[in-house]
1. Out of the residues in the range 243-271 that are closer than 14 Å to Asp153 by Cβ and among the small types (Gly, Ala, Ser), state the one that is farthest from the chain's Cα centre (by Cα).
2. Taking the conditions exactly as written (at positive phi, assigned by TED's automatic domain parsing to the domain that holds Leu123 and surrounded by 17 or more Cβ atoms within 10 Å (Cβ to Cβ)), does Gly272 satisfy them or not?
3. On the given criteria, is Glu63 acidic (Asp, Glu) and at pLDDT below 95?
4. Specify the residue that is nearest to Tyr256 (Cα to Cα); the eligible residues are those in the range 317-328 that are exposed (fewer than 13 other Cβ atoms within 10 Å of the Cβ) and not hydrophobic (A, V, I, L, M, F, W, C).
5. Where in the range 79-193 are the helices (runs of 4 or more DSSP H), entirely inside, with at least 2 residues that are of a type in the set (Phe, Trp, Tyr), assigned by TED's automatic domain parsing to the domain that holds Tyr249 and in contact (Cβ under 8 Å) with a residue 12 or more places away in the chain?
6. List pairs: first residue in the range 226-238 and exposed (fewer than 13 other Cβ atoms within 10 Å of the Cβ), second residue of a type in the set (S, T, N, Q) anywhere in the structure, Cβ distance under 9 angstrom, at least six positions apart or on different chains.
7. Go over the candidates Asp323, Asp305 one by one and state the one that is within 30 Å of Val162 (Cβ to Cβ), over 18 Å from the mean Cα position of the chain (by Cα) and assigned by TED's automatic domain parsing to the domain that holds Ser139.
8. Among Lys300, Lys331, which is the only one that is in contact with a Gly (Cβ under 6 Å, 6 or more places away or on another chain), in the same structural domain as Leu196 (by TED's automatic domain parsing) and either surrounded by fewer than 20 Cβ atoms within 10 Å (Cβ to Cβ) or in a helix (DSSP H, G or I) (or both)?
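The values are calculated or read from the model by the stated rules, or taken from the named source; none is laboratory data. Since this is a predicted model, take the numbers as computed values, not measurements. When we count neighbours, we look across all protein chains shown, and the Cβ atoms used for this are built from the backbone with ideal geometry, even at glycine.
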Amino acid sequence: MKNPIGIIRLMKNTLIGLLVALACTFLLVISLMIFPSLSERTNRATAAVTPLYKPPQAQVAKEPWTAPDTATIPKTEQGDRIRYGRELIVHTSEYLGPNGSVKALSNGMNCQNCHLEAGSKILGNNFAAVYSTYPKFRSRSGLTESVIKRISDCFERSLNGVKPDSSSREMQAMVAYMKWVGQNTPKGVRPEGTGLVKLAYLDRAADPKAGEEIYALKCASCHGANGEGVFNANKTAYQFPPLWGKHSYNDGAGLYKLSSFAGYVVNNMPFGASYKSRMLTEEEAWDLAAYVNAQPRPHKDQTADWVDPSKKPIDFPFAPYTDSFTEQQHKFGPFAEIAKVHGK
């Protein structure tokens, strides 16, 4: 007969083992119910630190706006006004430049230098949505502005001059032309291909030194080694406009913001480029913008602008700001962290 004490001990140890196993299983089940798995916790942690901000992506026109054919301008008194308005956009300096035949109001540049092909080029700062979106509230002035006020701003900033009289033949003609160009754009609509492309921000600051090399290689042959531009044969206007210096746009102009300048050149420069056939990479466009806008140019008093500084664009290069970033970073970047703070 086997030892009864040994049998009892064996049964006891087996029972203890079963109880321990049951207890471990119970604890494991409870822990899985209460606590997430390691992978779940990792995913949750990752999600918790993933930035909500995503920089704006480069826009590609899907079904771009097309300007009406100038041959369709009516042969009427209003048609004559529209044609004169277009002539003023293309040859601004000949009429309103330093030696203009009508009046000396501007720096010698033409509206067309910024608004390509008389404001009709896709993603060339065109007029597709000017008449359809004005009057509109603009944060820079804190006012609801008319088309006339918008044109006046261009004369005072991009053309570094004096605005035309609002009732003048010239102002009325430019307004008529812009209305005609945007005639197929419904009120309040901004069609594809309007204005300028919004490029994704770089993950670094834009580099003026790199931009200087790009300028020498791809821009200086037209705009001059010192950004001075090239006059036409009659010296009445610029064939290729100055990009800095006393005859260029001042620091209150839209192109003085790096995002605007980069968005302008990436689809339009060097000469012959388009949104379908770029000649600059986006990175080159940012660096080129940094170089050009680091050069000297006329200053405009902007103390009346941006009554609410929280509405300033993130690349507006003049304080005060409602954040802790420096003027240097607001001008050259990196912009993504500023945009994240402002929820843009």
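1. In this case the residue turns out to be Gly252.
2. Against the criterion (at positive phi, assigned by TED's automatic domain parsing to the domain that holds Leu123 and surrounded by 17 or more Cβ atoms within 10 Å (Cβ to Cβ)), Gly272 does not qualify.
3. On the way: acidic (Asp, Glu): yes; at pLDDT below 95: yes.
So Glu63 passes the test.
4. Gln328
5. Output list reads 169-181.
6. Within 9 Å, the pairs are Asn226/Gln295; Ala233/Gln239; Lys235/Asn99.
7. Asp305
8. Details: Lys331 fails: in contact with a Gly (Cβ under 6 Å, 6 or more places away or on another chain).
Selected residue: Lys300, the only one of Lys300, Lys331 that is in contact with a Gly (Cβ under 6 Å, 6 or more places away or on another chain), in the same structural domain as Leu196 (by TED's automatic domain parsing) and either surrounded by fewer than 20 Cβ atoms within 10 Å (Cβ to Cβ) or in a helix (DSSP H, G or I) (or both).
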